[in-house]
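The values are calculated or read from the model by the stated rules, or taken from the named source; none is laboratory data. Because the structure is predicted, anything quoted here is derived from the model rather than measured. FYI the Cβ positions are ideal-geometry reconstructions off the backbone, even for glycines, and counts take in every protein chain you see.
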Amino acid sequence: MANTLGRFLPQWPLRLAAMLLLLLGLLLPAGAPAWAYDNPDLLPDHATPVIDLAHNLTDGQRSSLESELDRFEQSSGWKLRVLTQYDRTPGQAVKDFWKLDERSLLLVADERGGNLLNFNVGDALFALMPRTFWVELQTRYGNQYYVREHGRDGAILDALHSVQGCLEKGGCQVVPGLPTEQWVLTLCTSILGGLIVGFAAYPRQNSDRRIEWAWVLLLSPLWVILFGIFGVAPIVTRTNDWLPLARNALGFAGAAVVAYLLAQQILARPPAQDRPGN
């Protein structure tokens, strides 16, 4: 337990930074184009759903992925394709090679753009998974911290499996799963919301009420956003696990109690000139 915590603490600020990049990514274009020119000489001489020019996958991984994508296309009708590249790319030639259409997804793995993953998404896929889904998918699995921990092969396979899982259940609004760094961010916002509730609820001077509900309600837009929208919603939309939700609720309640007690000791203390003996 201690070793695991020791490994996590130095890295969680970097993971939180990656989550903040997601917020910026929502304001930016969805990703760079996968091609810029034609170079059909780099295409294989046989049909395959995977072209691994950058050698990000082992031979066994590539063979297994080819079989998996072929089976998925036959059973669902969705065409998932993978292109890895570095200093060489077939460019627009892959469009004709794979006959990409509105039911196609092309995952392009190329480290030169800073983020490993880019997606060219067919229109039919956008109907099931909105643009924000693809931005989150790219940011979660393609960032350099995830690639460093799981490898380029892990990032590619995990992103594909996430898409397959969503297609099998008819679409997703957000990427399934709750990474640790994202949960830490929701916990922080829950605690901040609780602090606001606690400071708002402490009894003011000349008041016989133990809890100032009027102030709690007055500040409710702020703490509801912090706890409800940023602390609870990202959890319930991504996982059925109740434990992160329970931890956030305890963090919210505990922060509210601590802030309430501190406010009574600090803010409700009478001025020095009004104290007995002065």
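None of Gln138, Gln74 is surrounded by fewer than 16 Cβ atoms within 10 Å (Cβ to Cβ) and either not aliphatic (A, V, I, L, M) or not assigned by TED's automatic domain parsing to the domain that holds Pro234 (or both) except Gln74.
Within the group Leu192, Leu226, which residue is among the aliphatic types (A, V, I, L, M) and either touching a residue at least 40 places away in the same chain (Cβ under 8 Å) or within 30 Å of Phe126 (Cβ to Cβ) (or both)?
Leu192
Checking Asn115, Asn143, Asn120 one by one, the residue that is within 18 Å of Gln182 (Cβ to Cβ), in contact with a Leu (Cβ under 8 Å, 6 or more places away or on another chain), polar (S, T, N, Q) and in contact (Cβ under 8 Å) with a residue 24 or more places away in the chain is Asn143 and no other. Applying a threshold of 9 Å to beta carbon distances and a minimum spacing of six or more residues, or different chains, the list of pairs starting in region 229-257 at a residue that is of a type in the set (Asp, Glu) and ending at one that is in a helix (DSSP H, G or I) reads Asp241/Ile235. Taking residues in region 47-61 that are among the aromatic types (Phe, Trp, Tyr), and partners anywhere that are in a loop (DSSP other than H, G, I, E, B) and surrounded by 22 or more Cβ atoms within 10 Å (Cβ to Cβ), not one pair has Cβ atoms closer than 7 Å while being at least 6 places apart or on different chains. Screening region 156-274 for helices (runs of 4 or more DSSP H) wholly inside it with 2 or more residues that are of a type in the set (Gly, Ala, Ser) returns the ranges 180-201, 243-266. If you take the residues of region 146-177 that are free of Cβ contacts under 8 Å to residues at least 12 places away in the same chain and closer than 21 Å to Ala233 by Cβ, which of them is surrounded by the most Cβ atoms within 10 Å (Cβ to Cβ)? Among those that are free of Cβ contacts under 8 Å to residues at least 12 places away in the same chain and closer than 21 Å to Ala233 by Cβ, it is Gly165.
For region 104-125, a tally of residues being loosely packed, with under 15 Cβ neighbours inside 10 Å and over 17 Å from Thr84 (Cα atoms) returns 2.
Name the residues in region 77-103 that are polar (S, T, N, Q) and surrounded by fewer than 21 Cβ atoms within 10 Å (Cβ to Cβ), would you? Answer for region 77-103, where residues must be polar (S, T, N, Q) and surrounded by fewer than 21 Cβ atoms within 10 Å (Cβ to Cβ): just Gln92.
Being surrounded by 15 or more Cβ atoms within 10 Å (Cβ to Cβ), charged (D, E, K, R) and modelled with pLDDT under 95 holds for only one residue in Arg204, Arg238, Arg209, and it is Arg238. Taking region 96-147 as the range and being in a helix (DSSP H, G or I), farther than 15 Å from Val175 by Cα, under 15 Å from the mean Cα position of the chain (by Cα) and not aromatic (Phe, Trp, Tyr) as the test, the residues that pass are Gln144, Val147.
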